[in-house]
């Protein structure tokens, strides 16, 4: 099996409680489940979700890649988190 070269990064943000739980899961069962690190767990989960979205919205095909720097960086803004009131 060829391991792809990883050259680009994406850094997700988690709440403190979620981050604590991620660390706890990796520490408790990471080796049993094949996740030697937080990165391995987050990468596997993200790629599973990506494949699901591709199947649901793009006929199972890959989308054209989007280069780094083309999306807004950072966490969601307060306006994105709180729905507008009527």
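Which condition breaks for residue 46 when tested against (1) loosely packed, with under 10 Cβ neighbours inside 10 Å; (2) part of a helix (DSSP H, G or I); (3) under 13 Å from the mean Cα position of the chain (by Cα)?
Result: residue 46 fails condition (1) only.
If we keep just the residues of region 30-43 that are outside any loop (DSSP other than H, G, I, E, B) and either under 15 Å from the mean Cα position of the chain (by Cα) or touching a residue at least 12 places away in the same chain (Cβ under 8 Å) (or both), which is surrounded by the fewest Cβ atoms within 10 Å (Cβ to Cβ)? Steps first, answer last, please.
Kept after step one, since they are outside any loop (DSSP other than H, G, I, E, B), are these residues of region 30-43: 30-33, 38-43.
Of the ones still in play, those that are also either under 15 Å from the mean Cα position of the chain (by Cα) or touching a residue at least 12 places away in the same chain (Cβ under 8 Å) (or both) are 38-43.
Values: 38: 16, 39: 12, 40: 14, 41: 19, 42: 17, 43: 14.
Here the residue is 39.
Go through 56, 6, 62 for me and flag whichever is at pLDDT 95 or above, assigned to a loop (DSSP other than H, G, I, E, B) and loosely packed, with under 11 Cβ neighbours inside 10 Å.
Working: 56 fails: assigned to a loop (DSSP other than H, G, I, E, B); 6 fails: at pLDDT 95 or above.
That would be 62, the only listed residue that is at pLDDT 95 or above, assigned to a loop (DSSP other than H, G, I, E, B) and loosely packed, with under 11 Cβ neighbours inside 10 Å.
Select from region 9-29 the residues that are in contact with a helix residue (DSSP H, G or I) (Cβ under 7 Å, 6 or more places away or on another chain) and at pLDDT below 95 and write down the one among them that is surrounded by the fewest Cβ atoms within 10 Å (Cβ to Cβ).
It comes out as 12.
The values are calculated or read from the model by the stated rules, or taken from the named source; none is laboratory data. Small disclaimer: the values here were computed from a predicted structure and weren't measured. Counting neighbours? That spans all protein chains shown, and the Cβs are built from the backbone with ideal geometry, glycine included.
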